[in-house]
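The values are calculated or read from the model by the stated rules, or taken from the named source; none is laboratory data. Bear in mind that the values here come from a model prediction, so they are computed numbers and not experimental data. Cβ atoms come from the backbone with ideal geometry, glycine included; neighbour counts cover every protein chain shown.
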Amino acid sequence: MTAPVLIGLLALTGVIAMVTPTTANAGAAAVVKMTDKPPMFKPMKVTIKVGQTVEWVNNAETLHSVTTDPDSAQKPGDVSSPPGAQPFDSGFMKPGMTFDYKFTVPGTYKYLCLPHEKDGMIGYVVVSK
């Protein structure tokens, strides 16, 4: 293979890599990563449309979770869901795990990470029609 052909192939490969989805769920409208230092959701707020999915990725080194269940929260006011929406809960997520949730009710969801609620690890999903 000649040098110009090889350079062309490498350049093409680079372009393809830049447009290839890197998330586990290519169908997710938004991906939220969980971090340890400080414990937080990144981004803290996402906006999607009804019927779209959000994926949370625990790319940290500790357990994390995602919940809107007021019965699980230390302070029930730290979570909320729009009227008609059922609470969701990922359970405890080990490092490397993901959790996907499809939103079917419009409104603002306030969620938290149970192990890090005291640290203020709270996020928001705004779902529009």
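The set of residues from the range 22-53 being farther than 24 Å from LYS118 by Cα and at pLDDT 95 or above comprises ALA28, ALA29, ALA30, THR47, ILE48, LYS49, VAL50, GLY51, GLN52, THR53. Entry remark, the range 36-85: residues being in contact (Cβ under 8 Å) with a residue 60 or more places away in the chain, among the aliphatic types (A, V, I, L, M) and in a strand (DSSP E or B) number 4 in total. Of all residues in the range 101-129, those being basic (Lys, Arg) and under 17 Å from the mean Cα position of the chain (by Cα) number 2. Looking across the range 64-100 at every residue that is farther than 20 Å from PRO38 by Cα and of a type in the set (S, T, N, Q), the one that is nearest to the chain's Cα centre (by Cα) is identified as SER90. Note on the range 87-129: among residues that are acidic (Asp, Glu) and closer than 18 Å to SER72 by Cβ, the one that is surrounded by the fewest Cβ atoms within 10 Å (Cβ to Cβ) is ASP119.
Being within 19 Å of THR62 (Cβ to Cβ) and either at pLDDT below 95 or in contact with a strand residue (DSSP E or B) (Cβ under 9 Å, 6 or more places away or on another chain) (or both) is the requirement here; does PHE88 meet it? Answer is no for this residue.
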